[in-house]
Amino acid sequence: MGLILSAASLLSAIDAVLADPAAARHGLAQAAGERLQRAGWLSSSNRAGLVIGLDLGGTKLHGAIGDASGSVIAEGTGATETASVDSVLGQMVDMVNDLMARAGAKPAQIAQIVVGVPGVVAPDGSVSLSPHVPFPAGVSLAKALGDATGLPVFVENDVNIAAVGEYSARDMQSGMLAFVALGTGIGMGLIVDSTILRGASGAAGEIGILPFGADPLAAIAANPGGSFEAVVSTGGILSRARLAGSSATTVRSLFDSADNGDTAAAGVIDASLRDLAIGLAAVVALLDPGVIVLGGGIGARPGVSEQVAAWLARFVPTPCAVERSRLGDRAGLLGALAQARRLARAALAADDFSADKGAAA
């Protein structure tokens, strides 16, 4: 477990060293590149360094095994076993074994596993505030899965992992991206210069708890799970629709009605997206991301990003692109694979630099 955590904590430092001209002059960057090449991390054909990504949702576990080039070799899905932690852990172990079997891979070939989970993830890999799986407080999911598989495991918030996927899909090497998943709930992942911004307790991006409304304290008291989420997510939109006299029972039917010329439905959607833009305006004012990506069942709908962008431009003068998710419901899975490759590279580079330092001494 110590190696897993040290690899994660060294990501930024290693990137800085590899990009440092002084390091390059001393041959460290070149040496690291040669070692990564030999290990298969810069080769499109070498399958020695394989990674596994797992996207654990409330209803579905989606897994994939990929290589160092970014190719996906095999995938698998299954309904999430939410009865207990033991059942979902066993399901993840079965998924890992099945993916390795389908790829013809041995455990020694797996460099890293990354798991995206709904909830706040502590540095030790324990999970809290998980609405679907009752993870025990203080119990490290990373360690439990690592012990069960004998492989290095890193656990991360699912929206953070989806943000990694969207960042990678845009081939961004620097800059800041905010990924907002909007559907039954709302969550946000922040990526700064290829690194996840987690915050002091791992809760950075919990935008659903943003105080919201004319009387924020009353709103928080009425919605302890998150007053902003209560307004802009599925439940809030449908409540607004009922007050407007709409008979829509799902957000999808509300959007369909609006598309068919129902002005009342269109007004409900516009008001809801206006409120979403108000919350995002706070993000822009405080963090100034270059782009906000909207995903999830509501956020990824055609036309939503354009409507939110129009409202956002009226609230804050700072320019910020608002884009629809490029990966859709695969953002979490592909983000897990991308983060696993990154951690594996970092761990290898860290080992090599330690070896260089020991040799020099």
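Details
- Note on the range 224-255: among residues that are of a type outside the set (Ser, Thr, Tyr) and at pLDDT below 90, the one that is farthest from the chain's Cα centre (by Cα) is Pro224.
- The one condition in (1) touching a Lys or Arg at 6+ places or on another chain (Cβ under 9 Å); (2) surrounded by fewer than 17 Cβ atoms within 10 Å (Cβ to Cβ); (3) β-branched (Val, Ile, Thr) that Val51 fails to fulfil: (2)
- Residue within the range 4-18 that is in a loop (DSSP other than H, G, I, E, B) and modelled with pLDDT under 50 present: yes
- Per the listing Leu54, Leu99, Leu89, the residue uniquely assigned to a helix (DSSP H, G or I), touching a strand residue (DSSP E or B) at 6+ places or on another chain (Cβ under 6 Å), of a type outside the set (Val, Ile, Thr) and in contact (Cβ under 8 Å) with a residue 12 or more places away in the chain is Leu99.
- Scanning the range 104-139 for residues that are of a type in the set (Gly, Ala, Ser) and touching a Gly at 6+ places or on another chain (Cβ under 9 Å) yields Ala111, Gly116, Ala122, Gly125, Ser126, Ser128, Ser130.
- Residue within the range 107-128 that is out of contact with any strand residue (DSSP E or B) (no Cβ under 9 Å at 6 or more places or on another chain), surrounded by fewer than 19 Cβ atoms within 10 Å (Cβ to Cβ) and part of a helix (DSSP H, G or I) present: yes
- Only one of Arg324, Arg314, Arg274, Arg240 that is in contact with a Ser or Thr (Cβ under 8 Å, 6 or more places away or on another chain) and farther than 30 Å from Val114 by Cβ: Arg240
- Residue that is of a type in the set (Phe, Trp, Tyr) and either at positive phi or part of a loop (DSSP other than H, G, I, E, B) (or both), where the choices are Phe135, Phe154, Phe179: Phe135
- Flag for Gly146 being over 15 Å from Gln339 (Cα atoms), not assigned by TED's automatic domain parsing to the domain that holds Leu273 and not hydrophobic (A, V, I, L, M, F, W, C): yes
- Applying the condition of being of a type in the set (Val, Ile, Thr) and touching a Leu at 6+ places or on another chain (Cβ under 9 Å) to the range 246-273 and asking which residue is surrounded by the most Cβ atoms within 10 Å (Cβ to Cβ) yields Val268.
- Listed by first and then second residue, the pairs linking a residue in the range 273-302 that is among the charged types (D, E, K, R) to a residue that is buried (at least 23 other Cβ atoms within 10 Å of the Cβ), with Cβ atoms under 7 Å apart and 6 or more places separating them unless they lie on different chains, are Asp275/Val231; Asp275/Val232.
- The set of residues from the range 316-335 being assigned to a loop (DSSP other than H, G, I, E, B) and crowded, with 18+ Cβ neighbours inside 10 Å comprises Cys320, Ser325, Leu327.
- The criterion of at least 2 residues that are farther than 28 Å from Arg330 by Cβ and of a type outside the set (Asp, Glu) is met, among helices (runs of 4 or more DSSP H) falling completely within the range 229-315, by 234-243, 263-287, 304-315.
The values are calculated or read from the model by the stated rules, or taken from the named source; none is laboratory data. This structure is a prediction, so every number in the text was calculated from the model and none was measured. So basically every Cβ, Gly included, is an ideal-geometry build from the backbone, and we count neighbours across all protein chains shown.
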